[in-house]
1. Just checking, how many residues over segment 75-117 are part of a helix (DSSP H, G or I), of a type in the set (S, T, N, Q), modelled with pLDDT of 85 or more and open to solvent by 60 Å² or more (accessible area, probe 1.4 Å)?
2. I'd like the full set of residues that are modelled with pLDDT of 90 or more and either touching a Pro at 6+ places or on another chain (Cβ under 9 Å) or outside any helix (DSSP H, G or I) (or both), limited to segment 51-74.
3. Return the residues of segment 41-70 that are open to solvent by 40 Å² or more (accessible area, probe 1.4 Å) and touching a Cys at 6+ places or on another chain (Cβ under 8 Å); say none if nothing qualifies.
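The values are calculated or read from the model by the stated rules, or taken from the named source; none is laboratory data. Note that the coordinates shown come from a computational prediction; the quantities given were computed from them, not determined experimentally. Heads up, the Cβs are rebuilt from the backbone with ideal geometry, glycines too, and the neighbour counts pull from every protein chain shown. Ligands, DNA and RNA are excluded from the accessible area calculation, which covers all protein heavy atoms including side chains. Shrake-Rupley method; radii C 1.70, N 1.55, O 1.52, S 1.80 Å.
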Amino acid sequence: MESVKGGGAEDDEEVVCTQQNREHKCPILLMALTETGEMRPVVPTNQGHTPRCFYSFMGITQYCKNKRGAVKCPVCGDATVSLKELKDCKATARAIRKARMVAEDEGHDDMDATQID
């Protein structure tokens, strides 16, 4: 498996990749993205993609499996994707973390209200 390019100072300036996909799901596998691991969000670094063009590492790896070079983007269809041109989408990972924390907080609030009754 090829590694995805890591971060740098410029990663903090990237656009949040999930503006169009608030459920944080991989459009290839239709499974929930996670902050880290095989289901972490990755984005292509080459030109021609839209903010909706992000995938899970596992999903895009399977999509590109057994293909040489670049393939058409499974989201926009206009640009190409290759494993060498992917990087972790830290902004989406932060959004996933924030959504998880909000969901956990809401769950704890419900439990506290139940215990009071």
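1. 0
2. Within segment 51-74, 53, 54, 55, 56, 57, 59, 60, 63, 71, 72, 73, 74 qualify.
3. 48, 49, 50, 51, 52, 58
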